[in-house]
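The values are calculated or read from the model by the stated rules, or taken from the named source; none is laboratory data. Treat the numbers as computed from the prediction; the structure is a model and nothing was measured. Cβ coordinates were reconstructed from backbone atoms using ideal geometry, including for glycine residues, and neighbour counts include every protein chain displayed. Just the protein is used for accessible areas: all its heavy atoms, side chains included, with ligands, DNA and RNA removed. Shrake-Rupley method; radii C 1.70, N 1.55, O 1.52, S 1.80 Å.
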Amino acid sequence: VDGARPLKTYRGEAVDVTFDPGACVHCGFCTKALPSVFDLKRRPWILPDGADAQSVIDAVKACPSGALRYVPKQGQAAEAPDARPSAVAARHGPLHVRGDLRVVGADGTEHRGTRFTLCRCGQSKRMPFCDVSHREARFRDPAPVPPPAPGASPSDAPTG
Ligand code: SF4
Ligand code: FES
């Protein structure tokens, strides 16, 4: 995420993909989106030539943590941040933030990027980012509040 860790590069004819294992939050988006390219049971687990370049780039851009990135080759544009920044909480999991981002940790370390997953459970050892500790910690969001019953009036609302 912050460039301090070594990235693994997977080379293809049309596009190269880099992977930062420390940033991956094991969401499975990539393996679900393009199993011909991303397959954990295969070595190497990323085969950039397993699909057309645009599909690979789209799957890379859908990686919420920024663990996956692509290296533009001839004719390919570098990744542009989402025009509209967003922060979306994964249920029982991290906050997915996207946009032209500058994240500053409590120690003052600055991270710039287009996609990050921020810890919501308080248990990460890689703050402010998620390191999947929420699973072991059994972090749970509260149950959604059920919609009011049909015909219920505000006076039916529970108090206290
Ligand atoms: S989409 Fe990104 S964060 Fe999710 S499993 Fe794949 S590499 Fe990891
Ligand atoms: S939300 Fe994943 S480690 Fe806290």
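So, VAL145, is that one away from ligand 1 (no atom under 13 Å from the Cβ), on the phi < 0 side of the Ramachandran plot, modelled with pLDDT under 95 and in contact with a Ser or Thr (Cβ under 8 Å, 6 or more places away or on another chain) or not? Judged against the criteria, VAL145 is not a match. Checking each residue in the stretch 52-68 for being outside any helix (DSSP H, G or I) and crowded, with 21+ Cβ neighbours inside 10 Å picks out CYS63, PRO64, SER65, GLY66, ALA67, LEU68. Of all residue pairs spaced 6 or more apart or on separate chains, those with beta-carbon atoms under 6 Å, a first member in the stretch 124-136 that is more than 8 Å from ligand 2 (Cβ to nearest atom) and a second member that is outside any loop (DSSP other than H, G, I, E, B) are PRO128/LEU118. Of all residues in the stretch 20-49, those satisfying the criterion of being out of contact with any helix residue (DSSP H, G or I) (no Cβ under 8 Å at 6 or more places or on another chain), away from ligand 2 (no atom under 16 Å from the Cβ) and open to solvent by 20 Å² or more (accessible area, probe 1.4 Å) are THR31, LYS32, PRO35, LYS41, ARG42, ARG43, PRO44, TRP45, LEU47, ASP49. Among the residues of the stretch 93-124, those identified as open to solvent by 50 Å² or more (accessible area, probe 1.4 Å) and either within 16 Å of ligand 1 (Cβ to nearest atom) or under 14 Å from the mean Cα position of the chain (by Cα) (or both) are ARG98, ARG120. Filtered by the rule that a residue be touching a residue at least 12 places away in the same chain (Cβ under 8 Å), outside any loop (DSSP other than H, G, I, E, B) and among the hydroxyl-bearing types (Ser, Thr, Tyr), the stretch 1-51 gives THR9, TYR10, THR18.
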